[in-house]
1. Could you run through the stretch 220-249 and say how many residues are open to solvent by less than 60 Å² (accessible area, probe 1.4 Å), in a helix (DSSP H, G or I) and either within 21 Å of GLY152 (Cβ to Cβ) or away from the ligand (no atom under 11 Å from the Cβ) (or both)?
2. Return the pair list, or none, for Cβ contacts closer than 9 Å from residues in the stretch 94-116 that are more than 20 Å from GLN158 (Cβ to Cβ) to residues that are more than 16 Å from the ligand (Cβ to nearest atom), at least 6 apart or on different chains.
3. May I ask you to verify whether LYS70 is more than 22 Å from ALA7 (Cα to Cα), surrounded by 15 or more Cβ atoms within 10 Å (Cβ to Cβ) and more than 16 Å from the chain's Cα centre (by Cα)?
4. Among the residues of the stretch 151-178, what is the count of those that are part of a loop (DSSP other than H, G, I, E, B) and without any contact (Cβ under 8 Å) to a residue 24 or more places away in the chain?
5. Within the stretch 190-211, restricting attention to residues that are open to solvent by 20 Å² or more (accessible area, probe 1.4 Å) and hydrophobic (A, V, I, L, M, F, W, C), which residue is farthest from GLY234 (Cα to Cα)?
6. Being more than 16 Å from the ligand (Cβ to nearest atom), in contact (Cβ under 8 Å) with a residue 40 or more places away in the chain and open to solvent by less than 40 Å² (accessible area, probe 1.4 Å): is that true of ILE47 here?
7. Would you pick out the residues in the stretch 201-219 that are within 15 Å of the ligand (Cβ to nearest atom) and either farther than 13 Å from LEU190 by Cα or modelled with pLDDT under 95 (or both)?
8. Give me a count of the residues in the stretch 1-11 that are part of a loop (DSSP other than H, G, I, E, B) and within 12 Å of the ligand (Cβ to nearest atom).
Amino acid sequence: MRKPVMAGNWKMYKSAGETSSFFEKFAPLVASATHAEVVICPTFVNIPAAVEAARSTAIGIGAQDVFWLKEGAYTGEVSAPMLASAGCRWVIIGHSERRQYFGETEETVFKKTVAALEAGLNPIVCVGERLEERESNATEAVCGAQFAGGVGGLTPAQFARIVIAYEPVWAIGTGKTATPEMAAAAHKFLRGEVRRQFGADSAASCRILYGGSVKPDNVKGLMAQPEIDGALVGGASLDPTSFASIVNF
Ligand code: 13P
């Protein structure tokens, strides 16, 4: 069976102090949550505070991006081995905000995913269509191209270690969540792509998360879909009580 992953993407929110106080409230609320892997992805600078605060818990810490080279003259970048040595176990790659504002492409997603795997991190690779793409019936073409370009070149052994997140761009931060049926249809399509590329066993074991306005009051319906293996949560992961009730759906 696929163990759900409930991941919080904090985006560019919270100070070091706010990071520590989040964990003080959040950790006890999810202490008995063995049904899912729980992940928090703070900003780079707050990774040490989060790793420290999560030390005696099962909560995994992740980054929101990574560079594909190990070291060098790349001002402002952070490498996968650096994240691993800071205590990260996870990393989000190819988030739509990185695609939209920072020039992320299928090619950079692929390079970052390989680098993350080499450093022992678990990549959460994001795909998802924009509103105009959904409205022009291009959802599958867009998600399929992002999947093929971003992770299609991995070996089956590499692919087995990644998690996919389907995040329709029009549902991110808008309060407009995809209905459970819409999300499940996209997940089913993506699982079909996994099967085509990597075979039936990979398709059966690959975890596909849904992201886009996941809240305590809609998580149950989403998680009731057998195709949905967890959530990647933005806004609602910033509040310890709200993210704990999502984790404990
Ligand atoms: P919201 O949950 O705020 O819509 O953000 C989703 C997201 O982008 C998670 O990566």
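1. Keep residues of the stretch 220-249 that are open to solvent by less than 60 Å² (accessible area, probe 1.4 Å), which gives 221-223, 225, 227-238, 240, 242-247.
If we keep only those that are in a helix (DSSP H, G or I) as well, we get 221-223, 235-237, 240, 242-247.
Right, trim to either within 21 Å of GLY152 (Cβ to Cβ) or away from the ligand (no atom under 11 Å from the Cβ) (or both) and you get 221-223, 240, 244-245, 247.
Count: 7.
2. The qualifying pairs are ARG98/THR108; ARG99/THR105.
3. Numbers: more than 22 Å from ALA7 (Cα to Cα): yes; surrounded by 15 or more Cβ atoms within 10 Å (Cβ to Cβ): no; more than 16 Å from the chain's Cα centre (by Cα): yes.
In short, no.
4. Kept after step one, since they are part of a loop (DSSP other than H, G, I, E, B), are these residues of the stretch 151-178: 152-155, 160-162, 167-168, 172-178.
Next, only the ones that are without any contact (Cβ under 8 Å) to a residue 24 or more places away in the chain stay: 155.
The qualifying residues number 1.
5. ALA200
6. Working: more than 16 Å from the ligand (Cβ to nearest atom): yes; in contact (Cβ under 8 Å) with a residue 40 or more places away in the chain: yes; open to solvent by less than 40 Å² (accessible area, probe 1.4 Å): yes.
In short, yes.
7. Answer for the stretch 201-219, where residues must be within 15 Å of the ligand (Cβ to nearest atom) and either farther than 13 Å from LEU190 by Cα or modelled with pLDDT under 95 (or both): GLY211, GLY212, SER213, VAL214, LYS215, PRO216, ASP217, ASN218, VAL219.
8. Taking the stretch 1-11 first, the residues part of a loop (DSSP other than H, G, I, E, B) are 1-4, 10-11.
Among the residues that remain, those that are also within 12 Å of the ligand (Cβ to nearest atom) are: 10-11.
Count: 2.
The values are calculated or read from the model by the stated rules, or taken from the named source; none is laboratory data. What you see is a predicted model, and the numbers here were worked out from it, not measured in a lab. So basically every Cβ, Gly included, is an ideal-geometry build from the backbone, and we count neighbours across all protein chains shown. Side chains included, ligands, DNA and RNA excluded: accessible areas come from the protein's heavy atoms. Shrake-Rupley method; radii C 1.70, N 1.55, O 1.52, S 1.80 Å.
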